[in-house]
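Nothing in this text is a laboratory measurement; each read-out follows from the coordinates by a stated rule. Being a predicted model, the structure only gives us computed values, none of them experimental. Note that each Cβ is placed from the backbone with ideal geometry, even for glycine, and that neighbours are counted across all protein chains shown.
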Amino acid sequence: MKRDIPDLAGGAILAAIGLFIVIYAAVHYDMGSVRRMGPGFFPAMLGGVLAVLGLVIAVPAWMRAGQETPIAWKDALAVLVALLVFAAGVERGGLVPVTVATVLIASIAAPDRRLGWRVLLAVVVTLLSVLVFHYGLRMTVPLWPS
Amino acid sequence: MSGWEGFLHGLSVALQPEVLIYCVFGVVLGTFVGVLPGIGAMATISLLLPITYYLSPEAALIMLAGVYYGSQYGGAVASILLRLPGTPQSAVTTLDGYPLAQQGRAGVALFTSMTSSFLGSFFGICVLIVLSGFLSRAATAFGAADYAAMMILGLVAASTIGAKHPAKGLAMVVLGLILGCVGTDVNSGAQRFTFGQAELMDGVNLVALAMGLFGVAEVIANIQVAERTGVPRRIAMRDLLPRREELKRIPFPALRGASLGSFFGALPGTGSTISSFLAYATERRISRHPEKFGNGAVEGVAGPEAANNAAAISAFVPTLTLGIPGDPIMALMLGALVIHGVQPGPLMLEARPDMFWGLIASFGIGNLLLLILNLPLIGIWVSMLRIPFRWLYPAILIFVCLGVYSVRGAPFDIFAVALIGAIGYALSLARFNPALLLLGFVLGPLIETNLRRALLISRGDPMIFLERPISAAFVAAIAALILVSVVQSLRRVRPA
């Protein structure tokens, strides 16, 4: 069976979002009239347009083959986990340990498997960010865990 | 203020040391990221947005603009040496730049691209001065309906012209418009789509959105790809000088490219990428030796490079005089100005001459700097291509985190960046253009305000969009664009 999966899924998701926006806006916000639009009017209109566009994308995709798209799962996971660690740790973990951890986690995705450069990179990036953001821009983040 | 007086006044602004230093920083950083495949102007400007909170609006805009046109100079380097466009605008430069490099004439290709870029920018500056004076006077006749129609035309044009899947582009624009609705409604004070999150009351954070879509998503997409760049040979100063016969083939293609570029750059929806392709096609068509194109024709480098630089400058015309960005990069610039409480529009020339003329003068200074710095320093830029991406991307991520956190000290924003980054990567996998989402996001609140105002004035009669000649022309153009894309899409489904 030949299907263009990215367009099919993308179009379907967009159509669903559009529909959700229409319903949510209709239930929660005042529509007003064309003359005096309420807060719900513009988003509901856009939601309708998005739902139609989603169908326009998804329906033809059902009938044609799509291109193979390799997904970089490992890279995406490493980068996202690194960001989450930083976000969760920045206020209590202290700038230095959190930055080191973030760089090391992010570098897992790199094609070079050796260890030395990762440690060096973590040290350099941490030093730079402490200098620029803590001392330079005077950001109020503790350097070490409290 | 006349053009010349204004320019002199602008020089007095742009040459202040605390402004000049950001201009230099912007163009150098722009060249650097332009040279490197994997990070573009869009990502870099997103990353710099938090820094602009610490600067005056003039310095901020001059720095961000410097990154943009600086990246156009740098983009050509990777295109010529590696056949990897450093920026999308320089993709067409690979066609003849890379064959020249293979014939051992990389230096000549680089010289051609740098000088043509300079010519193009200079032409663009002149067009910007003339057109913006004219447009800001004409814009006083614009009403709310005209603004709304023009912005919608810009969005439709940006997502349909030259696009393979116009529906996907339009869907991104509409999604961006919806995201722009999040937050407190200006007219009624209602909280829209905040889902009880206090952090969303001011709307989706532009910095988090831009960093997620362009910083994080591009890092993920490039970790493996950008590692595979080959190592180019060294280039010495004397390799740069073209033969006399080649030198003569630069100015006219560059001038033609510059005219095309400044025209299409100023139009909403068409920008420097399209201009560079048009310039290439034009040069090949009018050449007496079209067979040389693709095999190392100097004209094939000069035309497009002049065009994309001219377009990068003239793109500021609608942004500054109407407050309407024509492409996603300009949307980011406008966003940066709005962060500073500056709303560009027809009154900007009168109300903020420092910013307007300072920016224009900085274009002159920045491009001159790029020309005189980049030719002697070309060896350094080429060696930048040897930096492996794995050294850069963890640093970029830390910069993203600290930058977005520094804006208002909310870890919420870093979580938002991660989520938006994941969405952005998914969008790029499915070949949806996230830049159009950003364009819709920035224009959304402006369109809604003008739409509501127009219909309030007309007492709810939508005919106001057809009764006013200016907006009627825009509506006709929108209809034509949609019609053309529908016809093209139907043809693709059922080949005759």
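Using the Kirkwood formula on the Cα atoms of segment B:1-62, what hydrodynamic radius do you get, in angstrom to one decimal?
On the way: mean 1/r = 0.0774 Å⁻¹.
It is 12.9 Å.
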Under 20 °C and 1.002 mPa s, how fast does the protein assembly as shown diffuse according to Stokes-Einstein, given a Kirkwood radius computed over C-alpha pairs? Answer in µm²/s, whole number. 85 µm²/s
What helix-only [θ] at 222 nm does chain B give? Using -39500 (n - 2.57) per DSSP H run of at least 4, over all residues, to the nearest 500, the answer is -23000 deg cm²/dmol
What aspartates and glutamates does B:Lys248 reach when the alpha-carbon gap must be under 15 Å and sequence neighbours fewer than 8 apart in one chain are set aside? B:Glu283, B:Glu299
Stokes-Einstein D for segment B:187-338 at 20 °C, 1.002 mPa s, Kirkwood Rh over Cα pairs, in µm²/s? 113 µm²/s
If each part is reduced to its alpha-carbon centroid, segment B:177-218 and segment B:253-273 end up apart, in Å, by 33 Å
Within straight cross-link reach of B:Lys164, meaning Cα distance under 21 Å, which lysines are found once same-chain residues fewer than 8 apart are removed? A:Lys2
Report the FRET efficiency, 1/(1 + (r/R0)^6), for A:Val123 and B:Glu199, where r is their Cβ-Cβ distance and R0 is 45 Å, rounded to 0.05. 0.85
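With the Cα gyration tensor of chain B in hand, convert its eigenvalues to equivalent ellipsoid semi-axes via √(5λ) and list them largest first in whole Å.
Details: eigenvalues 240, 134, 114 Å².
For chain B, the semi-axes come out at 35, 26, 24 Å.
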q = 0.13, 0.20 Å⁻¹: log10 I(q)/I(0) that the Debye formula gives for segment A:5-61, counting C-alpha atoms only: -0.35, -0.64
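Taking the beta-carbon count within 10 Å as an exposure proxy, list A:Glu68, B:Glu218 from fewest neighbours to most.
Working: A:Glu68 6, B:Glu218 24.
In increasing order of surrounding Cβ atoms, one gets A:Glu68, B:Glu218.
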Please compute the Kirkwood hydrodynamic radius of segment B:60-182 from all pairs of different C-alpha atoms, in Å with one decimal. 17.7 Å
